[in-house]
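Every read-out reported here was derived from the displayed coordinates using simple, explicitly stated rules and does not represent laboratory data. Values in this document were obtained by computation on a predicted structure and should not be read as measured data. Neighbour counts run over all protein chains shown; Cβ positions are idealised from the backbone, glycine included.
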């Protein structure tokens with residue numbers, strides 16, 4: 001494996017080692033928090049706080065994981081000398097990446113609700129902007145196509161938006177019952193999307209050849225399923 005190949009497995013490796021264990025902990029703490037609040041089960045009082053704190057780390061981790069994936073794909077798709085758009089486009093994309101990371105940090109540290117809302121939207125727009133680049137492979141961009149709903153990319157974008165919502169609305173979720181119920185609904189949807197991501201991510205990994213294999217593999221006819 002080359003250095004490029006190692007960069008390509010960075011995203012799934014971090015997902016398996018960091019993100020999915022965090023999901024398990026957050027879901028378990030969420031269930032314990034609900035049992036303690038609704039069913040009056042005598043769980044430790046700290047379960048709610050731990051759920052909230054780990055949820056913040058999960059949300060930020062998901063956003064960073066997506067940014068890592070998009071960056072690796074864009075940078076390594078072609079040799080740097082053949083990068084479409086040259087230095088000017090590369091600089092623009094780098095600024096978008098830095099701005100997105102800076103916005104995520106600002107979201108993490110902001111206290112005022114308008115600022116949290118603004119920075120969450122800016123972060124999501126940054127993710128969408130990087131994801132819209134031609135180097136990023138998507139099964140389909142047409143919501144009316146079945147392939148769209150099987151896309152690892154679009155499910156990732158959706159779950160990123162849900163994570164940013166939870167991160168931005170965290171103080172209000174703790175205080176407002178309606179937002180708490182909305183948060184529960186969003187979390188259930190996010191859990192389903194994470195399951196889907198595990199399946200589609202594994203599927204896509206099977207379709208990505210090592211860098212030295214790409215010339216031979218991409219010379220094949222994928223419609224007729226024949227190789228020269």
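What to note about this one:
- GNM top mover of 54, 144, 70 - the chain, alpha-carbon springs below 10 Å: 144
- Angle in degrees between helix 20-34 and the longest Cα principal axis of the chain, rounded to the nearest 10: 20
- Helix 86-109 vs. the chain, principal-axis angle (Cα, 0 to 90°, nearest 10): 10
- Cα principal axis extents for the range 3-217, largest first, Å: 61, 36, 35
- Space enclosed by the convex hull of the alpha-carbon atoms of the range 68-196, per residue, Å³: 116
- Between the helical axis of 113-131 and the longest alpha-carbon principal axis of the chain there is an angle of about 20 degrees.
- When the chain is treated as a Gaussian network with alpha carbon springs shorter than 10 Å, the biggest mean-square fluctuation among 138, 56, 89 belongs to 89.
- By the beta-carbon count within 10 Å of each Cβ, the least crowded to most crowded order of 49, 175, fewest first, is 175, 49.
- When peptides 57-63, 10-16 are sorted by average Cβ neighbour count within 10 Å, with the highest value leading, the order is 57-63, 10-16.
- By average C-beta atoms within 10 angstrom, highest first, the peptides 118-131, 203-216, 179-192: 118-131, 179-192, 203-216
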